[in-house]
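Below is one structure, written out as structure tokens; the observations come after it.
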Amino acid sequence: MYQVNNRINITSPEHLAMLRERFGKAPESMKQVPGFLSFRLLEAEDGSHVIAETVFASKEAFRAWVESDHFKRAHGGRGGDASRPDLASYYVRVK
């Protein structure tokens, strides 16, 4: 398994509300993505940031999603960049 965490800094209460709404749809939307396993949105206790945690069957499944039209639609038409500094990726070794 391959997990990707995207840390997003919160800029305002409205920003947080928008992210909650947008990511609230992610688990259902992602079901159609090959290799997708799970999604969670973690909110920092101090309200400073959220972490969008996505788990895929493999790194290859993640890379294919980042390059897909589904990804572009979910991210306002932008393509993916798996080397962004706010992304952290992991191989899941113990579940």
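Residues in the stretch 38-54 that are of a type outside the set (Ser, Thr, Tyr) and over 21 Å from PHE71 (Cα atoms): GLU43, ALA44, GLU45, ASP46, GLY47, HIS49.
Listed by first and then second residue, the pairs linking a residue in the stretch 19-37 that is more than 14 Å from ALA64 (Cβ to Cβ) to a residue that is assigned to a loop (DSSP other than H, G, I, E, B) and of a type in the set (Val, Ile, Thr), with Cβ atoms under 9 Å apart and 6 or more places separating them unless they lie on different chains, are LEU19/ILE10. The condition of being within 27 Å of ILE10 (Cα to Cα) and surrounded by 13 or more Cβ atoms within 10 Å (Cβ to Cβ) holds for ALA52. Residues that are under 10 Å from VAL50 (Cβ atoms) and exposed (fewer than 11 other Cβ atoms within 10 Å of the Cβ) within the stretch 7-27 comprise just one, ASN9.
Only the coordinates and a few stated rules stand behind these numbers; no lab work does. Just so it is clear, the model here is predicted, and its values are computed rather than measured. Backbone-built Cβ (ideal geometry, glycine too); neighbour counts: all protein chains shown.
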